[in-house]
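Novice: Here it is: the structure, laid out below.
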Amino acid sequence: GTLRQQAGDNRWGSYVRDLLSEGHNKSKGGVDMGDHPPITPCRAAGPHELSGDMGRIYDLVVRHFIASVSHDAVWRSTRVKLELDTLGDQGKFTISGKKLSSPGFLAIVLYKQYGDEAGDSKDGEDDEEERELPDFT
């Protein structure tokens with residue numbers, strides 16, 4: 001239905017065709033949290049059918065609809081702690097990072113570095129928590 005209508009669009013059609021062939025996420029039901037399902041586009045509209053704000057809103061609605069039936073993004077997280085007893089409290093070091101191993105829905109919503117948005121941490125931790133760790137050999 002609605003997802004298949006978007007398969008011919010040159011902006012996201014390739015992603016949608018892959019999603020249709022691999023199988024998309026279906027609602028698992030669950031508890032009503034008071035929110036609503038994603039806004040669903042009524043029909044496909046080509047890139048030149050809408051302009052200005054209408055075109056941007058349509059793009060946002062369609063991308064978020066497609067993302068809502070896409071697979072989850074998968075991150076690989078690593079945390080390394082090192083304590084040097086001889087230095088007491090000043091001998092405690094921690095480094096952590098994450099790497100996107102499967103973009104899932106992030107590939108369609110155009111967040112190039114989704115994790116970087118979380119860099120403004122409220123708990124006093126350093127921004128480096130959100131960066132990828134270097135390769136250790």
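The values are calculated or read from the model by the stated rules, or taken from the named source; none is laboratory data. Here the structure is a predicted model, which is why all the values come from computation and not from measurement. Neighbour counts run over all protein chains shown; Cβ positions are idealised from the backbone, glycine included.
Novice: Name the residue, out of SER96, SER77, that is over 16 Å from ASP18 (Cα atoms) and touching a helix residue (DSSP H, G or I) at 6+ places or on another chain (Cβ under 8 Å). Steps first, please.
Specialist: Details: SER77 fails: touching a helix residue (DSSP H, G or I) at 6+ places or on another chain (Cβ under 8 Å).
That would be SER96, the only listed residue that is over 16 Å from ASP18 (Cα atoms) and touching a helix residue (DSSP H, G or I) at 6+ places or on another chain (Cβ under 8 Å).
Novice: Here is a follow-up. Looking only at the stretch 52-79, count every residue that is farther than 30 Å from THR94 by Cα and either among the β-branched types (Val, Ile, Thr) or surrounded by fewer than 10 Cβ atoms within 10 Å (Cβ to Cβ) (or both) and tell me the total. Full working, then the answer.
Specialist: Filtering the stretch 52-79 for residues farther than 30 Å from THR94 by Cα gives 52-71.
Then drop every residue that is not either among the β-branched types (Val, Ile, Thr) or surrounded by fewer than 10 Cβ atoms within 10 Å (Cβ to Cβ) (or both), which leaves 52-53, 57, 61-62, 66, 69.
The qualifying residues number 7.
Novice: For the stretch 1-86, list the helices (runs of 4 or more DSSP H) that sit wholly inside it and hold at least 2 residues that are touching a Pro at 6+ places or on another chain (Cβ under 7 Å) and of a type outside the set (A, V, I, L, M, F, W, C); which are they?
Specialist: Details: elements: 2-5, 13-22, 52-68.
So the answer is 52-68.
Novice: Would you call GLN5 more than 30 Å from ASP135 (Cα to Cα), among the polar types (S, T, N, Q) and surrounded by fewer than 16 Cβ atoms within 10 Å (Cβ to Cβ)?
Specialist: On the way: more than 30 Å from ASP135 (Cα to Cα): yes; among the polar types (S, T, N, Q): yes; surrounded by fewer than 16 Cβ atoms within 10 Å (Cβ to Cβ): yes.
It is true that GLN5 is more than 30 Å from ASP135 (Cα to Cα), among the polar types (S, T, N, Q) and surrounded by fewer than 16 Cβ atoms within 10 Å (Cβ to Cβ).
Novice: So which of ALA7, ALA73 ends up being aliphatic (A, V, I, L, M) and more than 17 Å from LEU110 (Cα to Cα)? Talk me through it step by step, then tell me what you get.
Specialist: Details: ALA73 fails: more than 17 Å from LEU110 (Cα to Cα).
So the residue among ALA7, ALA73 that is aliphatic (A, V, I, L, M) and more than 17 Å from LEU110 (Cα to Cα) is ALA7.
Novice: Going by the conditions given, is ASP135 outside any strand (DSSP E or B) and at pLDDT 90 or above? Explain how you work it out, then say what you get.
Specialist: Details: outside any strand (DSSP E or B): yes; at pLDDT 90 or above: no.
No; evaluated as a whole, the condition is false for this residue.
Novice: For the condition loosely packed, with under 11 Cβ neighbours inside 10 Å and modelled with pLDDT of 90 or more, what is the one hit in LEU106, LEU87? Steps first, please.
Specialist: Numbers: LEU106 fails: loosely packed, with under 11 Cβ neighbours inside 10 Å.
Exactly one of LEU106, LEU87 is loosely packed, with under 11 Cβ neighbours inside 10 Å and modelled with pLDDT of 90 or more, namely LEU87.
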